[in-house]
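Below is one structure, written out as structure tokens; the observations come after it.
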Amino acid sequence: MKILITSDIHGRVCYLDKILQTSDFDLIIDAGDSNLEQHQLKIRNILSVKGNTDYYLDLPLFRIIDLEIGKVLITHGHQEAVKWGLSKLRSKAETLAVDYVIFGHTHQLLIEEINGIKYLNPGSLGYDKTYLVIDKKQITRRELKND
């Protein structure tokens, strides 16, 4: 299974579309602050959560999904105060007994394993043009290059 992970697109759908034109993905996960419209998420089949700037989107604040790679928590991270550390997010992840946590909000790319749980923040596709790809449990950092 090949998974695209984005966050903090902040309305720059052209960056997302550029990635989608160059690769095929089985699943697209966005960790919030997409600032896209509901139909833009739907036509691209994006599994998303509500970020702190997604005022008008009808999305959950977090999701838990079961994938081939394990149990995954998807959240934007603003409610867990991730800009000030991962302690609240870690507590939530451990309580929910997940294998992966996908979050955003900080605009800083992060791949870290703590107590057997992998914490993944793809950074900001909208600003730094960073994202992550998981292909058969292999996590790869990517950056969209300018033409």
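Points worth noting:
- Residue in the stretch 45-83 that is modelled with the highest pLDDT, counting only those that are hydroxyl-bearing (Ser, Thr, Tyr) and surrounded by fewer than 19 Cβ atoms within 10 Å (Cβ to Cβ): Thr53
- Residue within the stretch 62-76 that is more than 14 Å from Val98 (Cβ to Cβ), touching a strand residue (DSSP E or B) at 6+ places or on another chain (Cβ under 6 Å) and assigned to a loop (DSSP other than H, G, I, E, B) present: no
- Any hit, the stretch 30-40, residues being surrounded by fewer than 19 Cβ atoms within 10 Å (Cβ to Cβ) and either under 13 Å from Thr6 (Cα atoms) or of a type in the set (A, V, I, L, M) (or both): no
- Residue satisfying all of: in the stretch 79-111; in a strand (DSSP E or B) and touching a residue at least 24 places away in the same chain (Cβ under 8 Å); nearest to the chain's Cα centre (by Cα) among these: Ile102
- The set of residues in the stretch 112-147 that are among the basic types (Lys, Arg), surrounded by 15 or more Cβ atoms within 10 Å (Cβ to Cβ), in contact with a Leu (Cβ under 8 Å, 6 or more places away or on another chain) and not in a loop (DSSP other than H, G, I, E, B) contains only Arg142.
- Candidates are the residues of the stretch 1-28 that are within 12 Å of Ile46 (Cβ to Cβ) and of a type in the set (Ser, Thr, Tyr); the one that is surrounded by the fewest Cβ atoms within 10 Å (Cβ to Cβ) is Thr6.
- The single condition from (1) part of a helix (DSSP H, G or I); (2) more than 20 Å from Asp8 (Cα to Cα); (3) basic (Lys, Arg) that Lys42 fails is (2).
- Which listed residue, of Asp24, Asp8, Asp58, is closer than 28 Å to Lys145 by Cβ, free of Cβ contacts under 8 Å to residues at least 40 places away in the same chain and part of a loop (DSSP other than H, G, I, E, B): Asp24
The values are calculated or read from the model by the stated rules, or taken from the named source; none is laboratory data. Values in this document were obtained by computation on a predicted structure and should not be read as measured data. Positions of Cβ are backbone-derived with ideal geometry, glycine not excepted, and every protein chain shown enters the neighbour counts.
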